[in-house]
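Only one structure is covered here, and it is reproduced in the block below.
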Amino acid sequence: MLSDEELLREARDGDETAFTALYRRRQGAVYRFALHMSGDAAISEDVTQEVFLALLEGGGRFDPSRGSLLSFLYGIARNRVLRRLEAKRPEELSGEPSSDDDVLEDLTRRETIEAVRSAILSLPTQYREAVVLCDLENASYEDAAAALECPVGTVRSRLSRGRGMLAQKLAAKAVRSLS
Amino acid sequence: MSEDQVLQALRALAESDCEREAPPAVEASLLGEFRERRHSYKWRWIGGAAIAAGAVLAVLLSMNHVARPVVSVLPPVTPVPRAAAPVISSRAPAASTVVRRMARPQAHEVVTEFFPLIDSAPPFERGQMLRVQLPAAAMRTVGLPVGEDHLADPIQADVLVGEEGMPRAIRFVGFDVQ
């Protein structure tokens, strides 16, 4: 099986099969990253398309010595998502649940998932992207650091802080729900 | 809520969403864009390469109003590792070191080193090789010796054209009589 880098090289030489293979291999990760960061399927579709278009145009800027191709894609996606989130009004972000009807104590699996999704969206961006990359997409600390353009130690500390904030948010929500 | 519980909840979300991906319309749109770009790139390239080759030939033929050149486009070339790359020297090499054998499918083809056609150029990343036919007199323009009796003889040459359309270097091709 060809590596991401080999597929990229062939795609840039005009091989449609290679481009399709690379897209199908990595689009899910890019799409989910954008979705978990924005909470918006339409934004995630746009970002996914833009990331691979950018790869066609600027794939030559990819430097394997600075990280994997996946981290390069995450980096592009991150910039595109942040640009959109900055343009979006704060009240449009679904960072907090719209009602307190959910009761954490006896949450079903689906409710738990939606509660976590909402809590993640309410995290400050720098913690959210660390949690999404490392905990949801299982990116290595090195790949996350390359995508976020920060040292590995910073990724670790943001991840730890992000998890702590999630715990507080979910616990607070449980208390609110029970009261 | 403990960190273990948070991690458990995050795993549940990751599992729940692991199948989520961009809708097929995104792939279709991207492939359409890919084909369009490839098509326009190809024609832009051929046009640029033809113009560049014309420029090279005009320069080389300005000294020799003889045979009309024949141009063919060879497959695109990309840089090879430094150790295997053709030597493009800013100095004309000594005659005794000019000709060397190349391991190519045409077993008896021999080529010269590449001779630069421009003094300063951006780094070569990608390009295309054009096989052209020139009068042997063109070899004199890069300092190679040609007998007076053979100035009008046709000789083949490879012109290396950069992605930006600039002719970078030329080498001359001959055939071993053995």
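Coordinate-derived values only; no laboratory data. On a predicted model such as this, the values are computed, not experimentally measured, just so you know. When we count neighbours, we look across all protein chains shown, and the Cβ atoms used for this are built from the backbone with ideal geometry, even at glycine.
Modelled spin-label separation between A:E57 and B:S29, with each label point placed 7 Å from Cα along the Cα-to-Cβ direction: 1.5 nm.
This ranking places A:L22, A:L170 by how few other beta-carbon atoms lie within 10 Å of each, fewest first, which gives A:L170, A:L22. Entry note, region A:1-93: relative contact order of 29 percent, from Cα contacts under 8 Å with a spacing of 6+ residues.
Figure legend: label point modelled 7 angstrom from the Cα of A:S65 along Cα→Cβ; residues of region A:138-163 with amide N under 17 Å from it are A:146.
Close amide H pairs (under 5 Å, H built 1.01 Å from N) link B:A169 with B:L117, B:L160, residues at least 5 positions away or on another chain. Placing R0 at 35 angstrom, the Cβ-Cβ distance between A:R24 and B:R131 gives a FRET efficiency of 0.40 after rounding to 0.05.
Quick one: B:V26, A:V131, B:V132, fewest Cβ neighbours within 10 Å first, how do they rank?
Numbers: B:V26 19, A:V131 25, B:V132 22.
The order, fewest Cβ neighbours first, is B:V26, B:V132, A:V131.
Here the Debye sum runs over all C-alpha atoms of region A:21-90 as equal scatterers in vacuum, and log10 of I(q)/I(0) at q = 0.14, 0.20 Å⁻¹ comes out as -0.39, -0.76. If R0 is 22 Å, the Cβ-Cβ spacing of A:D15 and B:R37 corresponds to a FRET efficiency of close to 0.95.
Among A:M1, B:M166, A:M37, what is the fewest-to-most ranking by other Cβ atoms within 10 Å? Working shown, then result.
Working: A:M1 6, B:M166 18, A:M37 28.
Ordered by Cβ neighbours within 10 Å, fewest first: A:M1, B:M166, A:M37.
Remark: region B:139-156, residue by residue, has Karplus-estimated 3J(HN,Hα) of 5, 5, 5, 10, x, 8, x, 9, x, 4, 6, 10, 4, 8, 5, x, 9, 8 Hz, where x stands for each Gly or Pro and the curve is 6.51 cos²θ - 1.76 cosθ + 1.60 at θ = phi - 60°. Note on A:L2 and A:E86: their simple-model spin labels are 3.6 nm apart, each label 7 Å out from Cα toward Cβ.
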